1. Tilt of helix B:17-67 relative to the longest C-alpha principal axis of chain B, in degrees (0 to 90, nearest 10)?
2. Please compute the contact order of region B:104-245 in relative form: average sequence separation of alpha-carbon pairs under 8 Å and at least six residues apart, divided by the residue count, as a percent.
3. Calculate how many DSSP beta bridges within the protein assembly as shown are antiparallel, expressed in % of all such bridges and rounded to the nearest 5.
4. Can you give the FRET efficiency to the nearest 0.05 for residue B:44 and residue A:45, using r as the Cβ-Cβ distance and R₀ = 35 Å?
5. Most mobile of B:55, B:114, B:166 per a Gaussian network model of chain B (Cα springs, under 10 Å)?
6. Quick one: work out the % antiparallel among DSSP beta bridges in chain B, nearest 5.
7. Under 11 Å from a point placed 7 Å out from the Cα of residue B:173 along the Cα-to-Cβ direction: which residues of region B:183-199 have their backbone N that close?
8. How tilted is helix B:147-156 with respect to the longest principal axis of chain B? Cα atoms for both, answer in degrees (0 to 90, nearest 10).
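All of the numbers you see were taken from the coordinates with simple rules; none came from a lab. Treat the numbers as computed from the prediction; the structure is a model and nothing was measured. Reconstructed Cβ throughout: ideal geometry from the backbone, glycine too, with neighbour counts over all protein chains shown.
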């Protein structure tokens, strides 16, 4: 933080890390559905709608670096985070059956993958959106100082 | 505060043109390269995973098959070939299915080319309406030890008793006369409840194994990657190579 160029460099890195997270999440979700053959439920699709655009929008703010990218990317990641939290609560059973938006097709409460006993696809989604949102907010704070 | 102080430094505020060019250009190239490398790396990992995953999954299918064959093969399933064979083909077939008829000589050829190394189990998937009647005849013929001859005769005459996917199973009787079967016993046996149960069990297993079309093959538990004669040949060759190293 000792020079403006340096500050911009580390802001660039933050947004770059956001893009990395979004890309890993997007490719990972495609791997789950297209390669492993787990059909995505409705809520998963809504979260994809928030995640996939980030993969394309964030690089637009990287070359050349534009801190304003946060204004375009943050709404997507925040909505995605809310959806992922809703999904997690649904799977955990805190939200009653009647509010479920997905009665047709694949039930969103069906847990298709469990790693290490606690890592599920909605948890991965929530963690990704949380990290991306946090990093974007951090970038916003630093550049508006 | 600190930043403002530094901004006032003359060198920072007014760098020589050459220095400025260096400062702006170098990191940008680096960043661009970093971005491209990261993108390529992620894509390669994805593609690599996508290529390796089906292989790993079919290995798992083979292991699951070695551990528990019961959904693939039942005690009642007709079997052809040496018990010592290490490559086992499980075929779900429908006597009224044209493709099953077309594939049957190929399966026999694969077995003849690898004597004592390939075994065939037949499972029933009578998806055409009326073909369960023919399966009952086949099962009753099995009780007289003439299952394979009857199956051959049924397939050979398929176009006359099941023209255009429209089976008229009663006509099958006209084509199995020359096999030396005791027809009266056959008519009695084919209504046995055991045979009914066999068909029910086979259809249930077909559902469990996701068999929706006939013929469907499993070679040591592995399904065809996609449907076709070459795929079946490759799958059998692969299983032979793995079993007889």
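1. It is inclined by approximately 20 degrees.
2. Value for region B:104-245: 24 percent.
3. Working: 10 of 17 bridges.
Antiparallel bridges: around 60 percent, rounded to the nearest 5.
4. Numbers: r = 27 Å, r/R0 = 0.76.
Step by step, r from the Cβ atoms, then E = 0.85.
5. In this elastic network of chain B, the residue with the biggest mean-square fluctuation among B:55, B:114, B:166 is B:55.
6. Working: 8 of 15 bridges.
Here the share of antiparallel DSSP bridges comes out near 55 percent.
7. The answer is B:183-184, B:187-188, whose backbone nitrogens lie closer than 11 Å to the label point.
8. Computed tilt is about 80 degrees.
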